[in-house]
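What follows is a set of notes on a single structure, which appears directly below.
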Amino acid sequence: MNITRFTSKGFLIPGLISLVILIALVTLPFYGSLYNVIMVTSILMYIILTVSWVLFSGPTGYMSLATAAFFGIGIYASAIFLPNTGAILPLLVVVVIGGLVSSLVALGVGALTLRLRGIYFAIFTFGLVVLILELGNWWEHTVTHTRGRFVMLVDNDVIFYIMLAIFVLLMLTTYLIRRSKFGLAMRSIGENEEAAAHIGVNVTMVKVITFAISAFFMGAAGVIWATKLTYVDPYVAFNPLFSFMPVLMAIFGGMGQIYGPVIGAVIFAYLQEKLQTEFPYYYMLIFGFVLVAAILYLPDGLIGLIQKLWRLIRRWRKGGAAKQDANT
Amino acid sequence: MPESIVTIMDVAIGGLLLGGIYALIAMGLSLQYGVARVLNISHGEFIMLGAFSTFTLYTVVGINPLICLAIVGPIAFIIGFLLQRTLFTQLRTSAPNPGAFEASSLLATFGLMYVIQGIALQIWGADYRAYTYLNFGVDLGGAIFSANKLVILGFAIGIGVAFYIFLARTHMGKGIRSAAQDPTTASLMGVNINRVLALCFGFGAAMAGLAGVLYSMRIPLNPAMGLQYTLIAIIIIVLGGLGSIPGAFIGGLILGIIGEIVTYIDPSLSLAAYYFIFMLLLLVRPKGIFGK
Amino acid sequence: MQILEGEKVTKYFGGLAAVSNVDFYVGQGEVVGLIGPNGAGKTTLFNLISASLVPKPGVIKFKGKNITGKKPHKICRMGIARTFQTVKIFTNMPVLQNVLAGSFFGTSPGMSSADAAREASESLEFVGLSDMAALPARDLTLANQKRLEVARAMATRPELLLLDELMAGLNATEITEGMELVKKIRDKGITIVMIEHVMKAIMNVCDRIIVLHHGEKIAEGTPQEIATSKKVIEVYLGE
Ligand SMILES: Nc1ncnc2c1ncn2[C@@H]1O[C@H](COP(=O)(O)OP(=O)(O)OP(=O)(O)O)[C@@H](O)[C@H]1O
Ligand SMILES: [Mg+2]
């Protein structure tokens, strides 16, 4: 048996569905309205944050709340290298730089902190967001004397395609890692870190590298997101909300399957955009209620719920069939 | 009295005052996390609610803020008690293991933060509000301090100490402490664990509410003000050792003094300074200064 | 040359000396039993050998090389594998994947996926779990979970295997099977150190026994010598 080889049946249908979705996305600017393109761009952004969060936190079980830090580093890279006064570097180069700087920070932070277990790791990573936010604020106030920065305007279609490219790259990476030896190492760490170390898994290295890979995508997404925002200051860039949203979206969707977080992010991001535009005054309230309800009633996420329903229906149908058998 | 000594005294009193408030908030969160295992991200919202309620009670109804302590405290207690009895009990029973409960309850309180902020936004709007109370100078051996500073300081420390004595001396307090140390043994010894958890959550919320009442005399209020206090409380309870009540009290006082000194140097750096100390400490002593 | 040697190995937890000044050796191909009352420091000594913990002070040598302070995964790849007193299998993975993780990561130059898969199947076969390869590991009985842990350790191709209370919690038949398994491992040329409270098993399969008490080594010798040692009997009766 070979885990790296997949059976054709298990691969064909998801492969086809992915292809159809991909084609629909690539051609979106040709048939969709500008509003649709912008909406899908932000949904893609949330998917990227969620899937890259799951990439690390899902299998290893370390709840990282550093997403806003990595995302914000990307946003700031954009603000520095792509000011509205004229781009200093080409857009795509900045996207890569944003990703790389985020990865570097993740490497450093990971090497320092990944020995912290459980809630301590979550608290530390969240602290990182606030620390960077406050230092950024202080820097802007007292060193550069700036209050926010403006990012150059980029065509909405270009933003969309770059976001889409990051998304596709991320899905491929996730897929390959899941099926690789590296993915097995990550899962064993999540199952039992001590045992993993004693069967030869270089636990620290696997964790730190995965953390850095996931940070790369967050940073890259931040760069392109900033061009959509156009105005950036530390509060915008390092908004703690972006640390919590991926976690909630992943839980909402269900983390067992690769598509769970994606579905969670799509629904959540759509809901958020809609609420924000249609009920700006009740947005926070409704959103909060949905969050609490999702955690209370969907512990395994939507996917878990669907699977449960599916099982119920099957059992019910089987039960019905058995009864008919008994009657005849 | 020379200028420099007055400055030092001013910073010291300010530090103690801030520290007293922090100590209350942190003791509250310490109860909720240390015993009930809920890292309550919406903790600061109870401070915000306490502060805004006082604002309304004082400016509209004309009730003295110090009397508000007796109104806000019990109400916050009831809200916290009921939250634990419903939301968190449900999460606890459905969680497969303690780690999963910590994660799901943390996320639920994040949602709760939104709900409470959303409600506050409906009632009080997004603008900053403030009122003045006891805002006159008091001469303490040549140095002038604003009266409300001294009153807040006195009440904060008084409430903190009273609560500590309650934990140390009373029957109920002992039950809470034994549950904090070891829930399984405590429940074997006949402590009704669900009631203790709800009590802890209620007391935690009450401490935050009281801190809000007191601090509202000195700061501008806004529905989004809560989160920073939650963050500070998290820092303190990690510094003091998760779940240690005296650790939270002392840690709060220390952080308040540090905060006032940093603020004296550069106000925009205080939260960054807290986090810097905090992260350094987390790396050197992950169990906190007073943790075992 | 001895395959494993420890010199003045010591480990304090706060003020408590869990392992104190222990000198020991294990010869190539031996089966050594490690016994002692609860809390004697046996598991701690395993943790020190397998690098979960670092001795302070003390030196541990494997095949003549000082391995003190190395990382656990390095130790494993050098050829020391272990099992745990409370089983630490990957409960949500299939049985085969548990073992596959061992062969993938635990062997020194690494293996191709084909080799790793073959090694994993052989290990499962060796402990007699081939039929259950596809089951989630959590569905196994305790005895089989312990076998799985042995298979996973074996898949890392160890020269020295540390077994922490393999027989604890098993019934009489399972204990006999466990003893057979230990002998089978020995016959493959793998050196074994086993912690055990089941005296029958210790006496039956060990060449030599080391006795720990309050972190100190209080006796050492053949099963015969240990069974008649006054000091050892006193320690066990004194409990
Ligand atoms: N990580 C740790 N931190 C603190 N104390 C520890 C730790 N691990 C073990 N101890 C203590 O060290 C002593 C030796 O423990 P150890 O687990 O090595 O005993 P043991 O001989 O394996 O006992 P048993 O037969 O019960 O498994 C005990 O007193 C134990 O409480
Ligand atoms: Mg033991």
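Numbers for the structure displayed
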item	result
Contour minus Cα-Cα distance for A:R315 and A:L89 (0.36 nm per residue)	75.4 nm
Crossing angle, helix B:245-265 versus chain B [Cα axis fit, 0-90 degrees, rounded to tens]	30
Probe 1.4 Å, accessible area per residue of segment A:48-250, Å²	33
13 Å cut-off, amide nitrogen to a point 7 angstrom out along B:A147 Cα→Cβ, residues in segment B:58-97	B:65-66
Rounded tilt (10° steps) of C:172-187 against the dominant C-alpha axis of chain C	90
Qualifying aspartates and glutamates (Cα of each under 20 Å from Cα of C:K56; at least 8 residues distant if same chain)	C:E5, C:E7, C:D23, C:E216
Tally of Lys pairs whose C-alpha atoms are under 28 Å apart, taken over chain A, 8 or more apart or cross-chain	7
Distance from segment A:259-319 to segment C:58-105 (C-alpha centre basis), Å	42
Over chain B, relative contact order from alpha-carbon pairs under 8 Å, at least 6 apart, %	40
Simple spin-label estimate for C:E125 and B:I78 in nanometres, 7 Å along Cα-Cβ	7.3
Chain A: DSSP helices with Cα axial extent of at least 27 Å and average Kyte-Doolittle hydropathy no lower than 0.5	A:34-60, A:91-113, A:118-138, A:156-179, A:203-229
Pair C:T173, A:L104: separation of 7 Å Cα→Cβ label points (nm)	6.4
Within segment C:59-89, backbone nitrogen closer than 19 Å to the virtual label 7 Å beyond the Cα of C:D23 toward Cβ	C:59-68
Cβ-Cβ FRET estimate between A:L34 and A:A293, R0 fixed at 35 Å, reported to 0.05	0.60
Shape category assigned to segment B:22-222 from the gyration tensor of Cα positions, a/c cut at 1.5	oblate
Positive dipole terminus of segment B:22-222, leading residue within B:L83, B:A205, B:P96 (C-beta point charges)	B:P96
Given charges at beta-carbon only (K, R positive; D, E negative), |dipole| of segment A:211-328 in Debye	760
Segment C:1-80 - charge dipole about Cα centre, Lys and Arg +1 at Cβ, Asp and Glu -1, debye rounded to 20	400
Helix B:43-56 vs. chain B, principal-axis angle (Cα, 0 to 90°, nearest 10)	50
Segment C:50-208 - charge dipole about Cα centre, Lys and Arg +1 at Cβ, Asp and Glu -1, debye rounded to 20	900
Too-long pairs where the Cα-Cα distance tops 31 Å, listed order kept, from C:K61/C:K231; C:K74/C:K231; C:K183/C:K230	C:K74/C:K231
For chain C, built as a Gaussian network whose Cα springs stay under 10 Å, the top-fluctuating residue of C:T222, C:T173, C:T83	C:T173
Computed Kirkwood radius, in angstrom, where 1/r is averaged over Cα pairs of segment A:48-250	17.1
Between segment C:176-239 and segment B:98-140, the alpha-carbon center distance in angstrom	63
Cut-off 20 Å, label 7 Å out along Cα→Cβ of C:H197, residues of segment C:1-43 by amide N	C:18-19, C:33-43
Chain A: relative contact order in percent, alpha carbon pairs under 8 Å with at least 6 residues between	29
Computed E for B:R129/A:K274 - FRET, C-beta separation, R0 30 angstrom, nearest 0.05	0.45
Dipole of segment A:1-153 [Lys/Arg +1, Asp/Glu -1 at C-beta], most positive-end residue of A:G127, A:F81, A:V20	A:V20
Förster-model FRET efficiency, 30 Å R0, B:L140 and B:M172, C-beta, rounded to 0.05	0.20
Label-point separation in nm, B:V60 to A:A24, each point 7 Å along Cα→Cβ	4.9
Hits among lysines - C-alpha to C-alpha of C:K184 under 17 Å, sequence gap 8 or more where chains match	C:K146
The protein assembly as shown: translational diffusion in µm²/s, Stokes-Einstein, Kirkwood Rh over Cα pairs, 20 °C, 1.002 mPa s	71
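The values are calculated or read from the model by the stated rules, or taken from the named source; none is laboratory data. Treat the numbers as computed from the prediction; the structure is a model and nothing was measured. Using ideal geometry, Cβ is built from the backbone for each residue, glycine included, and neighbour counts are taken over all protein chains shown. The accessibility values were calculated without ligands, DNA or RNA, using every heavy atom of the protein model including side chains. Shrake-Rupley method; radii C 1.70, N 1.55, O 1.52, S 1.80 Å.
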